[in-house]
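First up is the structure itself, then whatever we jot down about it.
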Amino acid sequence: MRLEAVSKSYRHRGHTVAALDNASLEIVPGDFVAVVGPSGSGKSTLLLVLGGMLSPSAGKVFLNGHSLYELSPNQRAELRRQKVGFVFQTFNLVPYLTALENVQIPLFLAGLDGPAQKERAATLLERVGLGDRLDHKPAELSIGQQQRVALARVMANEPEIILADEPTGNLDPETGGQILDLLEEMNREGRTVVMVTHDPRAAARAKRTLRLHDGRISSASN
Amino acid sequence: MHLRKLVWREMFERKNQLATSFLAILLGIAVVVAVKNITFYSEKAVARQLDALGANVLVLPKSVSLQDYYSADMQNDEFPEEYVQRLALSDLQGLDNLSPKLSVPVRLKERGFTLTGILPKSEFQAKAMWAGAGIFSRPAEGCGTVADVPGAFRPEAKETLVRQRVIEDLSDTEVLIGADVGTILGTKEGDALDVLGRTFTVTAVLPQTGTVDDSRIFAHLHAVQELAGKGPVINAIEIIGCCKEISGGLVQKINKLLPDAKVVTITQVVDTQVKTNGMMSRLSLLFLGIIVLVGGASIANYMYANVFERRREIGTLMALGAGSVVILKMFLLKALLLGLAGGICGYVLGTVLAVALGPRLAGIPVLPMPALVLWAIGISVAIALAASYFPARRAARLDPCATLQEV
């Protein structure tokens, strides 16, 4: 995964705001990177640009050798489905589906048949400790359980890259710790994890940390 | 998990919002189905009533007026019987029950009657060419003839002549007599009757009609021609024409085909049916327009609100790898289900309304019309899909990043 001189700016009330400013970066397979920085420093923008969700104003983004933004939106969606998993701070579970059905979504998008989807989704939920909550809707689960469902959903298609935006931001330290354990486990399996966080304890679990300030990657530490 | 399940679950999750759109399309379809259903049976009823009035197009010799025909029922002018064949073999649409007539005065027991020669239906059918022209098989939906309506009144065989000017079979030695003829002569069915030197058997005494027909003696056209010594001529052709075709210029077309005859139509009668039918179909169109507008606007409004409300969900699905086609399908499938449900329920409700209210509003029995279910579903689905297309396209084109609102 590589960023080459990527800039992203927005117009906000007549002013141009630079969310990313000439950012270059390379993340090797199997890395676990924490991205830290103050609010508005461009952390989430970086994550969305990496995931093919937000087209940069300038520069190039490469994923597995593909120049991401030279692909069509549908091709990028397909690449996301195959290679990338997103974890959101607000979990973004589909409220009217059960835990099992939420985990089935990526499997349905990948074209798996119903029984295979159910089997795999149930296995993943067992793995995150929710084997007894398969038929619960998000509103019937605790915050920590919801994030674990979201992690099971991320793992469904076995993505090579996991992009997590403040995955522990809404969680108490203990539950947050469990989520970080799971992310570390996924990293140990060989997946690349890029995690945006405000939390120094979460950042400390990563192999290296990138610091963003005013859209610039100001420092990198191991 | 599949798309249908995803859509289905979402619909039930937000069923209160969906209910308004569903009700709009349901009521709209129900009203149009009810109007169409009642209209169909009302047109049939009007057609039956008009049919009872008899012929609505007359072909007469040039010199005869309609007044002459009705007041005297006899005129000296004639035209060749071959005109009937010309009409039968023509490709004119909307002709039903061609009834050629030759009337001659006769005196029986010092009283004057009219001997009218008619051509029985069997005569037409015997001539394959004529039958092939479709005179008796030509469909005449809602127009000028008695259609088979389940449960509706079917005329007695011998009344057919009075009502439709058509009799199935009549041999050279048989006559049918009007009610007055029977009373005055004291003749009953099966009696013998001497007319112009030939003895006929009375096969039926026709019911009282209160018209000149009551003093007629009906015999086979060719027998009357022979007895009158006039050769193959007739002095009128009564036609029950389809009103739609009459208003579309049938009279002019017959005139062109038979330039030496006079073609008249009882315009008042025809106009009545044309106006009634026209009003009903305009009413139907008006309601259709209203449901397209109200139902369509309601669905479009609901869909736009639904897309807006589900931005985050759409963004999440896109982040999970859903392409724009999946999102488009998701909303269009929802519209399809809404349209199907609206169409089927609208048909059921509309049919119940028509069957229950038809007899009260239009004074006619109304039966369910299964063919309307396809029509109702088609219209409902088309409206739902058309109204949802732009909201669905907007959903498919949403910026996945903006929808997550996490920038």
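Rule-based calculations on the coordinates, nothing more; no lab input. The structure presented is a predicted model; accordingly, all values stated were derived computationally and were not measured. Ideal geometry is used to build each Cβ from the backbone, glycine not excepted, and the neighbour counts take in all protein chains shown.
Please list, ordered by chain and number, the residues whose modelled amide H lies under 5 Å from the amide H of A:PHE32; skip anything fewer than 5 residues away on the same chain.
A:VAL193, A:LYS207, A:ARG208
Quick one: if the Förster radius is 25 Å, what FRET efficiency do B:ARG198 and B:GLU82 give, using the C-beta to C-beta distance and rounding to 0.05?
Once rounded, the FRET efficiency stands at 0.50.
Report the dimensions of the range B:333-407 along its three principal axes from the alpha-carbon atoms, largest first, rounded to Å.
Extents along the principal axes, in whole Å: 67, 19, 14.
Would you mind giving the mean number of other chain beta-carbons within 10 Å of the Cβ of each residue in A:107-120, as a whole number?
Neighbouring Cβ atoms belonging to other protein chains average 2 per residue here.
Quote the relative contact order of chain A in percent (integer), defining contacts as alpha-carbon pairs under 8 Å separated by 6+ residues.
30 percent
Once you order the gyration tensor axes a ≥ b ≥ c over the Cα atoms, which shape class does the range A:2-221 get: rounded for a/c under 1.5, otherwise prolate or oblate by comparing a/b with b/c?
prolate
Which peptide among A:7-20, A:88-101, A:110-123 comes first, and what is the full order, when sorted by highest mean count of other Cβ atoms within 10 Å?
A:88-101, A:110-123, A:7-20
Rounded to whole Å, give me the distance from the Cα center of the range A:30-80 to that of the range B:328-386.
Between the Cα centre of the range A:30-80 and that of the range B:328-386, the gap is 50 Å.
My understanding is that a pair violates if its Cα-Cα distance is over 20 Å; which of A:LYS60/A:LYS207; A:LYS137/B:LYS15; B:LYS44/B:LYS101; B:LYS121/B:LYS256 do that in this structure?
Over 20 Å Cα-Cα: A:LYS60/A:LYS207; B:LYS44/B:LYS101; B:LYS121/B:LYS256.
Average partner chain C-beta neighbours within 10 Å, per residue of A:47-59?
Mean number of neighbouring Cβ atoms from other chains: 3.
Distance cut-off 26 Å, Cα to Cα: go down the list A:LYS8/B:LYS329; B:LYS253/B:LYS275; B:LYS62/B:LYS109; A:LYS83/B:LYS329; B:LYS62/B:LYS253; A:LYS83/A:LYS118 and report the pairs above it.
Violating the 26 Å limit, Cα to Cα: A:LYS8/B:LYS329; B:LYS62/B:LYS109.
Based only on Cα atoms, what Rg/Rh ratio does the protein assembly as shown have, Rh being taken as Kirkwood's radius?
Ratio of gyration radius to Kirkwood radius: 1.33.
Could you give the nm distance between label points at B:GLU309 and B:VAL294, where each point is 7 Å from its Cα heading toward the beta carbon?
Spacing of the two 7 Å Cα→Cβ label points: 2.2 nm.
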